[in-house]
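Beneath this line is the structure, given in structure tokens, with notes to follow.
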Amino acid sequence: MAIENMYINGKWVSAMSGEMRDIVNPANGEVIAVVTEGSNADAAAAIQAARTAFDQGAWPEMHARERADLLHKIADRLEQRVEEFAKLETLNNGKPLREAEYDITDSINQFRYYAGLATKPHGVTYDVPDQIQAMVVREPVGVVGQIIPWNYPLVMATQKIAPAIAAGCTVIIKPAEQTPLTLIRLFEIIDEVGCPPGVLNLVLGLGATVGHELASSPLVDKVAFTGGTETGIKIMKTAAETIKKVGLELGGKSPNIVFADADFDTAVDYALFGIFANQGQVCSAGSRLLLEESLVETFIPEMVRRAQLIEVGDGMQETTEMGPLISERQMQRVLDYIEIGKNEGATLLCGGYRIMDNGLDRGNFVAPTIFGDTTPDMRIVQEEIFGPVLAIQTFRTEAEAIALANGTKFGLAGAVFTSDVAKAHRVIRKIRAGITWINTYHPTFNEAPWGGYKQSGIGRELGTYGFEEYLETKQINVSLQTAPSGWFRH
Ligand code: NAD
């Protein structure tokens with residue numbers, strides 16, 4: 001039986017190859033859905049539909065107010081189904097239900113934020129000589145390919161779809177192959193609200209096929225990618241062949257700096273939240289804790305005590321505080337890094353193993369893990385593990401803390417905990433990262449720009465900055481006197 005869960009040119013279709021993929025619940029290994037598995041040819045068809053819709057369809061004629069209406073309708077329908085979407089997200093991704101509910105609410109807010117922005121003034125005029133009226137207008141970038149990771153399957157998708165639609169672009173989106181379910185369901189809503197054919201297209205499949213087609217096709221004007229830095233490098237190289245615009249939201253190894261004068265309980269709490277939320281599968285996770293040396297004797301035992309109390313289990317259960325990793329492969333990667341850390345000479349303070357009791361042996365559960373006695377050159381300090389593994393580094397001076405904090409190739413996020421306001425500001429300004437906090441970790445808002453310095457990415461998502469990424473800039477010079485220039489004598 002053909003399974004039609006790709007959405008191309010306003011129609012539900014199955015992959016031309018007829019191939020299918022099992023979608024698995026990471027908490028117990030059970031197959032929860034079978035979806036169609038698209039490939040290059042399906043992506044090419046979707047790209048052509050998006051190109052035609054952008055160049056010739058009704059879409060370019062639609063006004064900002066109509067695009068805003070569309071986004072509002074999607075938000076309204078999604079709002080009626082928060083619980084259903086959250087459960088599906090947890091089933092597919094494994095994250096605790098309360099985190100999934102937060103994600104879906106975030107997606108709704110993103111649609112509303114960009115619906116509002118679509119109709120706000122854009123462009124400027126200039127006062128120039130020579131009887132010219134000079135102005136700058138903003139126009140949509142065009143056809144956009146969007147490639148999504150598995151750690152926030154819906155939210156990462158909607159923070160790309162909403163600004164693109166607000167700007168007037170057309171879209172082909174590819175979820176991570178492991179986590180397509182909530183995005184498929186969002187497209188049911190998109191279909192219901194009557195989006196013009198070809199404006200929003202959903203193609204399922206692998207990065208090497210569908211993702212590559214989006215990055216390489218000359219018919220695509222921009223590729224927006226969230227995922228690992230290695231994949232980002234590949235996409236940037238591929239996109240270079242057609243001088244495509246790229247937006248890259250990549251990995252991190254973010255420092256969380258705690259000074260001795262910080263509020264102890266708050267700093268311990270956020271150090272745990274910083275690394276163990278979403279099982280550590282967060283690009284902006286505080287995966288390096290930088291502790292002032294005088295805190296070591298008190299802070300580390302308290303962190304270890306509390307880390308061991310975190311309730312790990314199936315995300316569907318109310319009591320669960322940390323769920324499974326997304327796949328067996330990801331779990332093995334994390335367990336391999338734990339071995340690397342031990343072999344490098346770091347001290348394993350807690351965790352460090354796969355959880356096999358209480359029926360969790362069927363899922364991909366790793367205990368919250370903390371390493372002490374690290375050195376800056378260790379791989380567990382330098383490389384993104386993307387799991388519940390924290391590396392603790394220690395420092396004596398403010399300058400040393402800053403040097404350690406900036407001592408990786410990444411620059412996504414960072415935090416400082418201190419009760420000294422001046423020191424907090426001094427240090428945070430020195431951190432080479434795009435997302436930072438003082439005396440908290442993780443809260444971010446759709447209104448503010450999201451993105452990284454250094455090898456953590458290019459460009460910004462969210463807020464007005466994220467909108468800009470989907471807009472081109474055109475100058476228009478209008479003569480106020482209809483007369484020849486007189487430049488040539490004859
Ligand atoms: P990944 O790079 O393996 O895959 C991400 C997406 O890219 C998937 O849809 C995948 O199919 C696709 N892809 C893979 N190879 C491709 C190729 N050659 N061409 C085109 N597309 C390709 O990443 P992941 O394992 O899904 O996600 C984890 C990574 O994402 C982590 O490194 C994490 O830090 C990063 N991430 C970053 C942010 C951010 O905002 N900066 C947010 C979430 C995740």
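The values are calculated or read from the model by the stated rules, or taken from the named source; none is laboratory data. Given the structure is predicted, the values throughout are model-derived calculations rather than measurements. A quick note on method: Cβ atoms are made from the backbone with ideal geometry, for glycine too, and the neighbour counts reach across all protein chains shown.
If Asn358 satisfies every condition in (1) at pLDDT below 95; (2) under 16 Å from Gly280 (Cβ atoms) but one, which is the exception?
Of everything listed in (1) at pLDDT below 95; (2) under 16 Å from Gly280 (Cβ atoms), Asn358 misses just condition (2).
Show the residue pairs meeting these rules: Cβ distance below 6 Å; 6+ apart or different chains; first residue within segment 392-414 and of a type in the set (Val, Ile, Thr); second residue modelled with pLDDT of 95 or more and part of a loop (DSSP other than H, G, I, E, B).
Thr408/Lys253
Looking only at segment 297-318, count every residue that is in contact with a strand residue (DSSP E or B) (Cβ under 7 Å, 6 or more places away or on another chain), buried (at least 20 other Cβ atoms within 10 Å of the Cβ), within 18 Å of Ile355 (Cβ to Cβ) and of a type outside the set (Gly, Ala, Ser) and tell me the total.
Matching residues across segment 297-318 total 1.
Just need a number here: residues in segment 57-86 that are crowded, with 18+ Cβ neighbours inside 10 Å and either touching a His at 6+ places or on another chain (Cβ under 6 Å) or part of a helix (DSSP H, G or I) (or both). Write out each step before concluding.
Residues of segment 57-86 crowded, with 18+ Cβ neighbours inside 10 Å: 57, 59, 67-68, 70-71, 73-75, 78, 85-86.
Adding the requirement that they be either touching a His at 6+ places or on another chain (Cβ under 6 Å) or part of a helix (DSSP H, G or I) (or both) leaves 59, 67-68, 70-71, 73-75, 78, 85-86.
Residues that pass the stated criteria total 11.
In segment 118-176, which residues are within 23 Å of Ala448 (Cβ to Cβ), of a type in the set (D, E, K, R) and crowded, with 22+ Cβ neighbours inside 10 Å?
If the condition is that a residue be within 23 Å of Ala448 (Cβ to Cβ), of a type in the set (D, E, K, R) and crowded, with 22+ Cβ neighbours inside 10 Å, then Lys160 is the only one that fits.
At positive phi and at pLDDT 95 or above, is that true of Ile243?
So Ile243 fits the description; yes.
Could you check segment 115-200 for strands (runs of 3 or more DSSP E) lying wholly inside it with 2 or more residues that are of a type in the set (Ser, Thr, Tyr) and closer than 30 Å to Ala483 by Cβ?
In segment 115-200, the matching strands (runs of 3 or more DSSP E) lie at 124-127.
Condition (residue is within 26 Å of the chain's Cα centre (by Cα), free of Cβ contacts under 8 Å to residues at least 24 places away in the same chain and part of a strand (DSSP E or B)) applied to segment 35-56: is it met by at least one residue?
There is no residue in segment 35-56 that is within 26 Å of the chain's Cα centre (by Cα), free of Cβ contacts under 8 Å to residues at least 24 places away in the same chain and part of a strand (DSSP E or B).
Could you tell me which residue of segment 322-342 is surrounded by the most Cβ atoms within 10 Å (Cβ to Cβ), considering only residues that are part of a helix (DSSP H, G or I) and within 11 Å of the ligand (Cβ to nearest atom)?
Initially, segment 322-342 is screened for residues part of a helix (DSSP H, G or I), giving 328-342.
When the remaining residues are screened for being within 11 Å of the ligand (Cβ to nearest atom), the result is 329-330, 333.
Values: Arg329: 11, Gln330: 22, Arg333: 14.
The selected residue is Gln330.
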